[in-house]
Amino acid sequence: SAKHLGEGQFYLVAIEDKSGLPLDGKRSYKLTVPAKAPVKQYWSATLYDRETHALIRETSHSSRSSNVPELQPNADGSVTIYFGQEAPGGLATNWVPTSGRNFEVLFRFYGPDKSFFEKAWTLPDIQALAE
């Protein structure tokens, strides 16, 4: 298919963490999105219930995206998104609740640009936080 730069969407899906274990809704994780994401519009990370592949029910929100004004960036311009049953202290704006459900993450790039397709920018794996 043709790649029209700056248009459309591109998806990446994660079902396991950096160590290869399935994403467990009872554990906590982080994903640090490097600065200068290769998008003309925005990116988003959305959680889905691993069993149903539908949005996780009974949560306040199912995603975080770069177009959310209250998202807190890191000093280097990267953004760390947290997934788990509870928000880490002071970082509720960067948190997506799991409601204890095993989950998968769909990371979307809206309007991907040239550096995305050249693989000049890489999204790291999701990391489990120490319990």
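Observations on the structure shown:
- Selection count where residues are open to solvent by less than 60 Å² (accessible area, probe 1.4 Å), of a type in the set (Gly, Ala, Ser) and without any contact (Cβ under 8 Å) to a residue 40 or more places away in the chain, scope region 66-81: 1
- The single residue among 109, 116 that is under 20 Å from residue 34 (Cα atoms), in a strand (DSSP E or B) and at pLDDT below 95 turns out to be 109.
- Residue under evaluation residue 32, criteria (1) within 19 Å of residue 124 (Cα to Cα); (2) at pLDDT below 95; (3) out of contact with any Lys or Arg (no Cβ under 8 Å at 6 or more places or on another chain), criterion not met: (2)
- Scan of region 38-61 for residues that are open to solvent by less than 60 Å² (accessible area, probe 1.4 Å), farther than 23 Å from residue 128 by Cβ and in contact (Cβ under 8 Å) with a residue 24 or more places away in the chain, ordered by number: 38, 39
- Counted residues, region 96-127 - those being more than 17 Å from residue 11 (Cα to Cα) and open to solvent by 40 Å² or more (accessible area, probe 1.4 Å): 4
The values are calculated or read from the model by the stated rules, or taken from the named source; none is laboratory data. Keep in mind that what you see is a predicted model, and the values were worked out from it rather than measured. No Cβ is skipped: glycine too gets one built from the backbone with ideal geometry, and neighbour counts run over all protein chains shown. Calculation scope for accessible area: heavy atoms of the full protein, side chains included, ligands and nucleic acids excluded. Shrake-Rupley method; radii C 1.70, N 1.55, O 1.52, S 1.80 Å.
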